[in-house]
Amino acid sequence: MSEEGITRRNFMIRTMVSIFAFIGAALAVPLGGFSIFPALKRRESGWSDAGTARDLRVNVPQERRFYEVVKKGWREEKVERAAWFVKQETGIIVVFSPSCPHLGCGYRWLAATQRFECPCHASVFDINGKVLSGPAPRALDVMESRLDNGRVLVKFEIFQLGTPKKVLAWRRRHAETGA
């Protein structure tokens, strides 16, 4: 045995500790990724069933409520959503976000005047969502929709308020990505 050198016993102990550390790290990386990755994974907006298309009349806006399944990490919850549906003469169904693009108030359809009106700051929109008057900086936000076996499917989105361009809201994008 030398005083300054490594003994056979110390060599074996260091080798075994190194092997166990390597094995521990090799197991920790995938297990850590498995447990953390779902919480950080970006959520793709899902399609929500918003009812049948046959109930919609041409050029008669209809407010509908439906449920969206929101996934946050491992947790899923049903959240009630609302939107305005307008069936055009061509048969295309346009789905408007339920919030005024000015400050997010809920607007309504007035059949007597044939327009959407926001009660908060008097923005007015035509049946196609175009701004007729008021402080709204852009037209009503249109959400992606499609027909599937007579059912209207909607990709519900929340848009940034008060901007001239339609942009997804920061809090929604980041709440779902975990960033």
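Here are some notes:
- Selection within the range 64-99 - in a loop (DSSP other than H, G, I, E, B) and touching a residue at least 40 places away in the same chain (Cβ under 8 Å): GLY73, SER97
- Assessment of the range 134-155 against the conditions (part of a loop (DSSP other than H, G, I, E, B), touching a residue at least 60 places away in the same chain (Cβ under 8 Å), surrounded by fewer than 14 Cβ atoms within 10 Å (Cβ to Cβ) and not hydroxyl-bearing (Ser, Thr, Tyr)) yields at least one matching residue.
- Subset of the range 104-133 (residues that are surrounded by fewer than 16 Cβ atoms within 10 Å (Cβ to Cβ) and either polar (S, T, N, Q) or on the phi > 0 side of the Ramachandran plot (or both)): THR113, GLN114, ALA122, ASN128, SER133
- Here PRO101 fulfils each of the conditions (1) surrounded by 17 or more Cβ atoms within 10 Å (Cβ to Cβ); (2) touching a Phe, Trp or Tyr at 6+ places or on another chain (Cβ under 6 Å) apart from (2).
- Against the conditions (1) in contact with a Lys or Arg (Cβ under 7 Å, 6 or more places away or on another chain); (2) under 20 Å from ASN149 (Cβ atoms), PHE125 satisfies every one except (2).
- Conditions (1) assigned to a strand (DSSP E or B); (2) over 15 Å from MET143 (Cβ atoms); (3) touching a residue at least 60 places away in the same chain (Cβ under 8 Å): number failed by ARG54: (1)
- Residue check, ARG171 out of contact with any helix residue (DSSP H, G or I) (no Cβ under 9 Å at 6 or more places or on another chain), in a strand (DSSP E or B) and either modelled with pLDDT under 95 or crowded, with 17+ Cβ neighbours inside 10 Å (or both): no
The values are calculated or read from the model by the stated rules, or taken from the named source; none is laboratory data. Bear in mind that the values here come from a model prediction, so they are computed numbers and not experimental data. When we count neighbours, we look across all protein chains shown, and the Cβ atoms used for this are built from the backbone with ideal geometry, even at glycine.
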